[in-house]
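*Asks:* I am attaching a structure below and will ask some questions about it afterwards.
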Amino acid sequence: MNLNATLFAQLVVFFILAWFTMKFVWPPIMKALDERASKIADGLAAADKAKSDLVLAERRATDELRKARESSNELRAGAERQGAQILDEARAEAARIIAAARTAAEGEAEVAAQRAKEALRDQVALLAVAGAEQILRKEIDAGKHADLLNQLKAEL
Amino acid sequence: MATAHAPTASEYIVHHLSFLTNKKQEGLVDWSVFHLDTLFFSIGLGLLAVFVLARLASRATSGVPGRFQAAVEIVIEMVADQAKGIVHSPESRKFVAPLALTVFVWIFLMNAMDLIPVDLLPMLGQAIGINYLRVVPTADLNATLGMSAAVLLLCLYYSVKIKGLGHWMHELFTAPFGNHPVLWPINFAMQMIEFVAKTVSHGMRLFGNMYAGELIFMLIALMGAAWAGTFGSGLLWIGHIIAGTIWAIFHILIITLQAFIFMMLTLVYVGQAHESH
């Protein structure tokens with residue numbers, strides 16, 4: 001094998017290329033790599049934080065939900081109670097009204113019956129007088145026997 | 001191949017193993033000679049690598065990366081991790097880690113030239129009047145030893161910088177066997193042997209692998225070139241396809257592995273320069 005000046009040329013080129021790489025290749029790529037590494041680290045940290053935030057939010061949501069359910073239950077119980085009370089009152093009122101109406105109607109009916117009886121009595125008396133007139137046309141004088149007729153009317 | 005008749009097997013191999021030089025090499029070592037093809041491809045690939053990487057780096061996003069950026073990031077993270085594990089000085093890593101990245105990418109690209117069909121570029125070269133062309137710079141001992149010598153210089157520089165010249169000199173004479181006047185020359189000799197062995201084996205390992213790989217591609221190409229219309233040569237031609245496929249697939253592993261090994265050893269040697277005995 002022949003040794004010659006190619007060796008020194010290669011040696012010099014070697015250092016020039018290495019210097020060039022050190023100056024223009026290595027630092028930007030390393031910088032990019034480091035930046036990406038820190039970005040990824042930040043991203044992972046953010047993801048962890050988001051996860052814990054999510055857990056907190058879920059817990060809070062559950063709490064709120066439970067509270068809402070409790071208050072709605074309370075509300076419903078109150079409303080039911082109130083409803084039942086109103087219903088009871090209404091029922092009592094209705095019963096009272098019905099009773100009053102019934103007594104009024106009964107009173108009215110009694111009065112009406114009384115009046116009808118009176119009318120009937122009058123008419124029976126008239127009928128009886130008319131009948132008696134027919135039968136006793138001549139001998140019976142309505143004026144004479146008025147006392148008798150009134151007595152009969154009272155007996156009816 | 002420039003000759004009128006078809007080249008013999010040995011002519012073909014010798015031709016493919018000849019560099020494009022500025023002048024003829026005299027003897028084993030001749031400092032006035034340059035391998036123009038090695039320089040062209042290694043500098044070209046090196047510039048290609050660093051400019052593509054720099055272009056990517058200038059528009060690198062810290063958001064969602066594109067596929068190419070992600071791929072480069074994988075390589076860079078791999079290199080950065082290795083550098084962090086081996087070189088413990090953050091200050092030194094500022095230069096050594098990018099250097100390791102350069103080494104890995106550059107050597108990978110130079111090795112990958114082996115996967116281009118062996119005759120393709122040399123033949124294109126001949127078409128424009130270049131008679132010799134070796135396209136794999138890492139199959140040139142000068143290139144690999146040049147890089148390993150650079151690593152040696154780096155080791156010496158960091159030895160002095162980290163330990164101080166006095167302490168390092170002290171270490172050269174007292175490690176590994178101990179501080180005793182009789183042991184000083186032995187220690188020093190051992191240290192010198194260690195430096196030379198490290199550097200030579202560092203360069204030779206890469207060179208040997210790529211040279212052997214290239215040579216095997218040439219031998220496989222010779223099988224296909226034996227085609228002459230006969231049954232036997234037909235078998236050889238099929239052998240070329242099968243062996244070429246297998247060797248190319250295997251070579252994908254080798255080129256990556258060798259680039260990785262060279263990078264790792266660079267880091268290890270620089271790391272050793274930081275450690276006191």
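*Asks:* Would you mind finding the one in A:Lys51, A:Lys39 that is of a type outside the set (S, T, N, Q), farther than 22 Å from B:Ala54 by Cβ, more than 8 Å from chain B (Cβ to nearest Cβ) and part of a helix (DSSP H, G or I)? Give the derivation first.
*Replies:* Working: A:Lys39 fails: more than 8 Å from chain B (Cβ to nearest Cβ).
One residue alone meets the criteria, A:Lys51.
*Asks:* Output the residues belonging to region B:136-194 that are more than 13 Å from every other protein chain (Cβ to nearest Cβ), buried (at least 21 other Cβ atoms within 10 Å of the Cβ) and outside any helix (DSSP H, G or I).
*Replies:* Within region B:136-194, just B:Val136 meets the criteria.
*Asks:* Has region B:28-38 got at least one residue that is at pLDDT below 80 and more than 20 Å from the chain's Cα centre (by Cα)?
*Replies:* Start the filter on region B:28-38 by keeping residues that are at pLDDT below 80, which leaves none.
For region B:28-38, residues at pLDDT below 80 and more than 20 Å from the chain's Cα centre (by Cα): absent.
*Asks:* A further question follows. Please pick out the residue among B:Gly208, B:Gly213 that is farther than 11 Å from B:Asp114 by Cβ and open to solvent by less than 80 Å² (accessible area, probe 1.4 Å). I'd like the intermediate steps shown before the answer.
*Replies:* On the way: B:Gly213 fails: farther than 11 Å from B:Asp114 by Cβ.
Just one listed residue meets the conditions, B:Gly208.
*Asks:* Related question: Can you go through A:Lys49, A:Lys23 and tell me which one is under 30 Å from B:Phe34 (Cα atoms) and open to solvent by 50 Å² or more (accessible area, probe 1.4 Å)? Spell out how you get there, then give the answer.
*Replies:* On the way: A:Lys49 fails: under 30 Å from B:Phe34 (Cα atoms).
Result: A:Lys23 is the single residue among A:Lys49, A:Lys23 that is under 30 Å from B:Phe34 (Cα atoms) and open to solvent by 50 Å² or more (accessible area, probe 1.4 Å).
*Asks:* Among the candidates A:Leu3, A:Leu11, A:Leu33, single out the residue that is on the phi < 0 side of the Ramachandran plot, in contact with a Gly (Cβ under 8 Å, 6 or more places away or on another chain) and within 8 Å of another protein chain (Cβ to nearest Cβ). It would help to see each step written out before you state the result.
*Replies:* Details: A:Leu3 fails: in contact with a Gly (Cβ under 8 Å, 6 or more places away or on another chain); A:Leu33 fails: in contact with a Gly (Cβ under 8 Å, 6 or more places away or on another chain).
Only one candidate qualifies: A:Leu11.
*Asks:* Search region B:67-84 for residues being surrounded by fewer than 15 Cβ atoms within 10 Å (Cβ to Cβ) and among the charged types (D, E, K, R), and hand back the single one that is farthest from the other protein chains (Cβ to nearest Cβ).
*Replies:* Once the filter is applied, the top-ranked residue is B:Arg67.
*Asks:* Checking the conditions here, which among B:Val87, B:Val103, B:Val64 is open to solvent by less than 30 Å² (accessible area, probe 1.4 Å), facing chain A (nearest Cβ under 10 Å) and β-branched (Val, Ile, Thr)?
*Replies:* Details: B:Val87 fails: facing chain A (nearest Cβ under 10 Å); B:Val64 fails: open to solvent by less than 30 Å² (accessible area, probe 1.4 Å).
Criteria check complete, one pass: B:Val103.
*Asks:* Regarding region B:75-97, can at least one residue be identified that is free of Cβ contacts under 8 Å to residues at least 60 places away in the same chain, within 30 Å of B:Asn22 (Cβ to Cβ) and not polar (S, T, N, Q)?
*Replies:* No, region B:75-97 contains no residue that is free of Cβ contacts under 8 Å to residues at least 60 places away in the same chain, within 30 Å of B:Asn22 (Cβ to Cβ) and not polar (S, T, N, Q).
The values are calculated or read from the model by the stated rules, or taken from the named source; none is laboratory data. Values in this document were obtained by computation on a predicted structure and should not be read as measured data. A quick note on method: Cβ atoms are made from the backbone with ideal geometry, for glycine too, and the neighbour counts reach across all protein chains shown. In case anyone asks, the SASA skips ligands and DNA or RNA and just uses the protein heavy atoms, side chains included. Shrake-Rupley method; radii C 1.70, N 1.55, O 1.52, S 1.80 Å.
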